[in-house]
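Working notes for the structure below.
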Amino acid sequence: MDPNTLIGGWFQTEVDVEAVMAAEPDLILAGPTQEKIYDQLSKIAPTVRVPYGFNAFRDRFAFVSEVLDKHKEMEDWTAEYEAQATKDKERILAKTGTETFAIIEATQKEIRIYSRTGIADMIYNDLQLPQALGLPEPDAWGGKGTSLEGLSTLNPDHLILMADSSDNVLEKSSIWNSLKAVQAGKIYRMTSRQNYNEAFFALGKKSLMNQLVEDILKGSQ
């Protein structure tokens, strides 16, 4: 099996069984989203049910490490990651103090404010940076859809903006341009792919953490 073969979509989509078969895997790890096709997958190769979904990174990481007999490697990675997050938190807070952070995704249809999962989990839990006041209670996927008016009530000091293109659909809005983070130039661009993919597995998290920290430190000079 080519280790670079990509046959999945977003975290909540089912995979193409024929594509899995064509990849000729030696082992299949099937998450909760693939429950309906478990029997089909198990006919292709030994298949392990992973009971943890996209929003349970640490539980899923520990489970998979046991399946692959990589528990020591998982523990080493976790210790290194947490130590780096602590150092990075101290570096950031030394410059930003009590300044607040918000994470949003902007599309043509809506604005989503994230308070759990993905990049939000890294900002608020791993780095323990202050949340913008008034974050809405999230839906199961970790965020809440809102409007520009809803965003204006947060008015964070720092804003992580996720978008799939270099265009910002908000930039012509007077509400957007009145936000503290926009006026101070403390906007940090990420792609939706980074949030939905990289932020949910170990190597991706480490790379994404480095980018987030450097962007925040650079923007806080």
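Here are a few things to note about the model shown:
- When the alpha carbon gyration tensor of the chain is reduced to an equivalent ellipsoid, the three semi-axes, largest first, read 35, 21, 14 Å.
- Rounded if a/c under 1.5, otherwise prolate or oblate - segment 35-151, Cα gyration tensor axes: oblate
- Using a simple spin-label model with pseudo-atoms 7 Å out from Cα toward Cβ, ASP39 and ASN55 lie 3.0 nm apart.
- Solvent-accessible surface (1.4 angstrom probe) belonging to ASP164, in square angstrom, nearest 10: 120 Å²
- Cβ-derived FRET efficiency at R0 25 Å, ALA140 paired with LEU68, nearest 0.05: 0.35
- Residue with peak Gaussian network fluctuation, the chain [Cα springs, cutoff 10 Å], from LEU29, LEU129, LEU161: LEU29
- For segment 111-205, the fraction of C-alpha pairs more than 21 angstrom apart is 30%.
- Heavy atoms of PHE63: accessible area, 1.4 Å probe, square angstrom to 10: 60 Å²
- Relative to the longest principal axis of the Cα atoms of the chain, the long axis of helix 57-67 lies at roughly 20 degrees.
- Peptide packing for 186-197, 171-182 was compared via the average number of neighbouring C-beta atoms within 10 Å per residue; ordered from the highest value, the list is 186-197, 171-182.
- For segment 160-221: rounded, prolate or oblate by the Cα gyration tensor [a/c cutoff 1.5]: oblate
- Sites matching trypsin sites (Lys or Arg not before Pro) across segment 20-101 that sit in DSSP coil, with at most 14 neighbouring C-beta atoms within 10 Å: LYS43, LYS70
- Listed residues PHE200, LEU135, THR33: farthest to the positive end of the dipole of the chain (Cβ charges): LEU135
- Chain lengthening between GLU80 and ALA23 when straightened (0.36 nm per residue, less Cα-Cα): 17.2 nm
- Estimated 222 nm signal from helices in the chain, with DSSP H stretches of n ≥ 4 weighted -39500 (n - 2.57), rounded to 500: -11500 deg cm²/dmol
- Tilt relative to the chain, helix 202-219 - C-alpha long axis, 0 to 90 degrees, to 10: 10 degrees
The values are calculated or read from the model by the stated rules, or taken from the named source; none is laboratory data. Please read all numbers here as calculations on a predicted model, not as lab measurements. FYI the Cβ positions are ideal-geometry reconstructions off the backbone, even for glycines, and counts take in every protein chain you see. Areas reflect the complete protein model, heavy atoms only, side chains present, ligands, DNA and RNA absent. Shrake-Rupley method; radii C 1.70, N 1.55, O 1.52, S 1.80 Å.
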